[in-house]
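*Asks:* Below: one structure in structure tokens.
The values are calculated or read from the model by the stated rules, or taken from the named source; none is laboratory data. Predicted model only: the values in this text are computed from it and were never measured. Quick reminder, even Gly has a Cβ in these numbers, built from the backbone with ideal geometry, and neighbours come from all protein chains shown. With ligands, DNA and RNA removed, areas are computed over all heavy atoms of the protein, side chains included. Shrake-Rupley method; radii C 1.70, N 1.55, O 1.52, S 1.80 Å.
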Amino acid sequence: MNTTSRRRRNLPPPFRIPFLRFAIIFGSDAAIAAVSLWSAMLLRFDGRIEPAYMAVLPRYVALLIVSRLVATYLSRTHRWSFSYPGLQDAVRVAGAAIAGSCLFVVSAYLFRLLSPPRSVLALELLMSGAGMLAVRFGPRLGQVYWNRISLLRSGDVRRTLIVGAGAAGEM
């Protein structure tokens with residue numbers, strides 16, 4: 001059995017089909033972007049968004065979603081395995097979040113929309129990045145902790161002390 005089929009077997013059923021996996025990732029990124037922008041606007045304006053910004057908010061959301069999806073596609077973070085995410089993957093997701101925000105700012109300028117407040121841009125970037133990382137790393141992190149808890153509860157745990165192994169003992 002090759003590693004690709006072994007990885008797919010460990011995934012939940014919807015994630016085993018590439019088309020559905022891509023749709024779930026793109027859909028979650030779009031939802032995270034929309035909720036993050038809306039939340040950032042509410043935070044910036046203390047719950048009462050000014051009418052000028054409220055009028056352009058639907059266009060902001062559409063532009064941000066398109067920008068995020070383009071950045072996700074170009075950085076290839078939609079091709080996610082969910083089995084073994086690492087630091088390089090986290091850097092790629094963070095880079096995609098930054099690229100999506102930059103693309104959003106440039107496109108808002110090119111479409112001559114009212115410039116969004118800088119605080120909204122910073123808040124949205126942080127919330128979107130955290131949400132995108134949570135969606136991608138959450139399943140693996142949850143699986144690791146669930147397996148540890150299950151193993152501890154079953155009583156099949158055998159504690160081991162490795163003496164003198166140095167850095168090799170950490171593996």
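Yes/no per residue for (1) closer than 16 Å to Gly86 by Cα; (2) open to solvent by 60 Å² or more (accessible area, probe 1.4 Å); (3) modelled with pLDDT under 95; (4) in contact with a Lys or Arg (Cβ under 6 Å, 6 or more places away or on another chain):
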| position | (1), (2), (3), (4) |
| --- | --- |
| Pro116 | no, no, yes, no |
| Gly138 | yes, no, yes, no |
| Tyr145 | no, yes, yes, no |
| Ser150 | no, no, yes, no |
| Leu161 | no, yes, yes, no |
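*Asks:* Looking at Leu69, Leu63 in this structure, which one is part of a helix (DSSP H, G or I) and at pLDDT 95 or above? Don't jump to the end; show me each part of the working.
*Replies:* Numbers: Leu69 fails: at pLDDT 95 or above.
Checking each option against the conditions leaves just Leu63.
*Asks:* Can you tell me how many residues in the stretch 71-93 are open to solvent by 20 Å² or more (accessible area, probe 1.4 Å), touching a helix residue (DSSP H, G or I) at 6+ places or on another chain (Cβ under 6 Å) and free of Cβ contacts under 8 Å to residues at least 40 places away in the same chain? Show your work before the answer.
*Replies:* Taking the stretch 71-93 as the starting set, the residues that turn out to be open to solvent by 20 Å² or more (accessible area, probe 1.4 Å) are 73-76, 79, 81, 84-92.
Now drop any that are not touching a helix residue (DSSP H, G or I) at 6+ places or on another chain (Cβ under 6 Å), which leaves 75, 81, 85.
Among the residues that remain, those that are also free of Cβ contacts under 8 Å to residues at least 40 places away in the same chain are: 75.
Here the count works out to 1.
*Asks:* If I ask for residues that are over 21 Å from Val93 (Cβ atoms) and in a loop (DSSP other than H, G, I, E, B), which ones from the stretch 12-51 would you list?
*Replies:* Answer for the stretch 12-51, where residues must be over 21 Å from Val93 (Cβ atoms) and in a loop (DSSP other than H, G, I, E, B): Ile17, Phe45, Asp46, Gly47, Arg48, Ile49, Glu50.
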